[in-house]
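Heads up, the thing below is written out as structure tokens.
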Amino acid sequence: MQIETAAAWAEILGLITILGAAIYSWFQIKELKKARQSAAALSLAELFQSPEFAGGLYIVSYQPENLNNLDEFKEYHGEKWQEAFAVMTTWESLGALVFRGDVKFKLVYDLFSGLIQHHHKLCLKLIDSDRKNGGDTRFEWFTWLAERLEEFDDGGAAPQAAHLEYKDWKPFV
């Protein structure tokens with residue numbers, strides 16, 4: 001075999017190796033992303049299991065809409081105001097994570113959509129007041145997420161309650 005032929009075969013073999021490595025890497029990255037999203041889903045599910053967060057969900061869900069600022073919010077919630085505020089900051093963080101693609105929108109929709117939209121409506125006067133004092137970036141991702149969830153509902157994609165929509169579901173065995 002001549003040196004030119006051997007060099008051509010070596011180049012072809014090198015190209016195949018590089019292409020194979022690129023394909024393998026693509027699959028690995030895809031699997032890594034799935035693992036990261038699964039971990040994020042588990043973290044979201046665990047969030048509901050925290051007594052403090054569950055308490056915060058409850059008290060924010062039943063607060064009046066007319067809390068106009070942080071002082072009124074603190075006065076209304078008393079010693080529990082931090083738990084209520086933690087709910088708002090959680091929705092804020094979740095909005096940014098959805099936007100970045102770290103958490104799937106559909107997962108957040110399935111787990112929290114009604115709560116997020118309801119809480120945003122109840123906290124809107126407080127958020128607007130906070131923005132007047134601190135700028136438009138206050139609770140920007142909470143608002144963004146609530147608006148995206150509302151748009152998704154308005155697009156006709158809103159499902160029925162899970163126990164109704166999936167009543168005929170059978171586990172995969």
For segment 137-158, which positions are over 12 Å from Ile116 (Cβ atoms) and modelled with pLDDT under 90?
Asp154, Gly155, Gly156, Ala157, Ala158
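Could you tell me which of the residues Trp9, Trp26 is within 23 Å of Asp102 (Cα to Cα), without any contact (Cβ under 8 Å) to a residue 12 or more places away in the chain and either assigned to a helix (DSSP H, G or I) or within 27 Å of the chain's Cα centre (by Cα) (or both)? Show your work before the answer.
Details: Trp9 fails: within 23 Å of Asp102 (Cα to Cα).
The match here is Trp26.
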Assigned to a helix (DSSP H, G or I), closer than 22 Å to Gly134 by Cβ and over 29 Å from the mean Cα position of the chain (by Cα): which single residue out of Glu4, Glu75 fits that description?
Glu75
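The values are calculated or read from the model by the stated rules, or taken from the named source; none is laboratory data. Keep in mind that what you see is a predicted model, and the values were worked out from it rather than measured. Please note: Cβ atoms are built from the backbone with ideal geometry, for glycine as well, and neighbour counts cover all protein chains shown.
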